[in-house]
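Reviewing the structure listed below.
The values are calculated or read from the model by the stated rules, or taken from the named source; none is laboratory data. Everything numeric here is computed off the predicted structure, so don't read it as measured data. Positions of Cβ are generated from backbone atoms using ideal geometry, with glycine treated the same way; all protein chains shown enter the neighbour counts.
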Amino acid sequence: MALEDLANKDPFLLDKNIVIALSGGIDSVVLLHFLNSHYPGNIRAIHINHNLSEHSEDWSLFCKELCQKQDIAYKSIDINVTNSSNIEENARKKRYLSLKSELSKNEILCTAHHQEDQSETFLLQLFRGSGVAGLASMPKMKSFADSFLYRPLLNVSKQLIIEYASKYNLDWVEDDSNNNINFKRNLLRLELIPQLESGFDGLIKNISRSAYHQSEALKLMHDLAEIDIEKFNLILNQRIQVLPLCQLPHRRIANILRYYIAQRDFLMPSNKVLTELISVLTAKNDAKVILKWHLYQVRRYNNELYFFDNESERSKEDCPLYNKLKDHSNFKIGFRKDGQRVRLKGKKHSSSLKKILQSSNIPPWERDKLRMYYVNDTLMAMESIGEMSEA
């Protein structure tokens, strides 16, 4: 099969506005050329500059010139990866957050992952002891922001990509980190998989097939989680309700937690962390339950589970009270003080802010973060609480 045959077999991108994640490597360069050939005028490209290599600026310039030659709209985004404890995961996370912020509702993000990438992902997950969700590897299409992430080349071999690049005399850049076998994916690609291929015919295709079977099993597990969530009313206000959850068998609880975490697009916790979380669900209500993994954590308060991404930034724009008051002159933002008393709109007397926060079911760790909105030094409203009565 030639790569061009995909245009006839994969109609998904017809009449779509396409955004290509362009690294400058052979895979994304081929994807750019291929899609622009079949969907001209519907393509734009985004390059994420990770600033991890001394050649980063050269790669960004290469991508810009490549798009200019093909009359494709281009944008480069700089990100900085500072945490070196898990640089691959942190770079991936920041890359996709940047892409999400740039994607419009009517656009489809396309990445150049191919069959060998899928097999590497499967083996990485296998060697980590992952379950069905990990072994399902990468889906060809998934929800992404308010749109979709699509991988047109996921069932295409690397050899076909190389042949396509040769046929059209395409140029690309080589990432020097691709030869660093300290990265586990590179170790698989450069040393382990070639050895396995010498003893197993059709290895890459067979691994991809196994990943597909796991993805089908994962869909069934998600179906069950959705049935349980709806039947037992397990999620209210984006928080998991502990008491009805605990009535289910252990395996169903674990399935619901995995489903919920995946829907939040968090990295999945280890089985040890998940087992510990299930074990503390029945702890005393006043117990401080905090579990952490990677960049994430979960807390329990008033028999509800709160999940957090520790790196996510609080947005001022997500509060309607902020939007209502922010354009006033002398607008200021403050935070609560010890012993503070306030008078809510419609109330005759002031009350202790501490008691108001408790009665409003605001978790303790959120109380000092809530914004208080002042106009001319008069408290007008408080985030998540409401408007104040004018004196």
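Residues considered: Glu226, Glu191, Glu197, Glu174. Of these, the only one that is outside the structural domain of Asn255 (by TED's automatic domain parsing), under 30 Å from Glu54 (Cα atoms), part of a helix (DSSP H, G or I) and acidic (Asp, Glu) is Glu191. Of all residues in the range 50-69, those that are assigned by TED's automatic domain parsing to the domain that holds Asp176 have Cβ atoms under 8 Å from Cβ atoms of residues that are among the aromatic types (Phe, Trp, Tyr), 6 or more apart or on another chain, in Ser53/Trp59; Cys63/Tyr74; Lys64/Tyr74; Cys67/Tyr74; Gln68/Tyr74.
Tallying residues that are within 29 Å of Ser56 (Cβ to Cβ) and out of contact with any Lys or Arg (no Cβ under 9 Å at 6 or more places or on another chain) within the range 4-25 yields 4.
Just checking, does the range 70-81 include any residue being assigned to a loop (DSSP other than H, G, I, E, B), under 30 Å from Lys272 (Cα atoms) and in the same structural domain as Asn42 (by TED's automatic domain parsing)?
Within the range 70-81, one or more residues are assigned to a loop (DSSP other than H, G, I, E, B), under 30 Å from Lys272 (Cα atoms) and in the same structural domain as Asn42 (by TED's automatic domain parsing).
Considering Lys100, Lys94, Lys184, the condition of being without any contact (Cβ under 8 Å) to a residue 60 or more places away in the chain, among the charged types (D, E, K, R) and surrounded by fewer than 18 Cβ atoms within 10 Å (Cβ to Cβ) is satisfied by Lys100 alone. Leu224 falls short on exactly one of the conditions (1) hydrophobic (A, V, I, L, M, F, W, C); (2) closer than 22 Å to Leu154 by Cα; (3) at pLDDT 95 or above, and that condition is (2). Looking only at residues in the range 171-192 that are hydrophobic (A, V, I, L, M, F, W, C) and touching a Leu at 6+ places or on another chain (Cβ under 9 Å), which one is modelled with the lowest pLDDT? Among those that are hydrophobic (A, V, I, L, M, F, W, C) and touching a Leu at 6+ places or on another chain (Cβ under 9 Å), it is Ile181. Considering Leu305, Leu321, the condition of being over 17 Å from the mean Cα position of the chain (by Cα), at pLDDT 85 or above and assigned by TED's automatic domain parsing to the domain that holds Asn361 is satisfied by Leu321 alone.
Exactly one residue among Asp27, Asp5 is within 22 Å of Leu103 (Cβ to Cβ) and among the acidic types (Asp, Glu), and that residue is Asp27.
Only residues that are more than 18 Å from Arg128 (Cβ to Cβ), in a helix (DSSP H, G or I) and either out of contact with any Asp or Glu (no Cβ under 7 Å at 6 or more places or on another chain) or of a type in the set (Phe, Trp, Tyr) (or both) were counted across the range 200-216, and they come to 7.
Restricting attention to the range 368-380, which residues are at pLDDT 85 or above and on the phi < 0 side of the Ramachandran plot? Those that are at pLDDT 85 or above and on the phi < 0 side of the Ramachandran plot: Leu370, Arg371, Met372, Tyr373, Tyr374, Val375, Thr378, Leu379, Met380.
Candidates in the range 224-259 are the residues that are free of Cβ contacts under 8 Å to residues at least 24 places away in the same chain and buried (at least 18 other Cβ atoms within 10 Å of the Cβ); of these, the one that is nearest to the chain's Cα centre (by Cα) is Leu257. Against the numbered list (1) at pLDDT 90 or above; (2) more than 24 Å from Arg128 (Cβ to Cβ); (3) of a type outside the set (D, E, K, R); (4) under 20 Å from the mean Cα position of the chain (by Cα), Ala262 comes up short only at (2).
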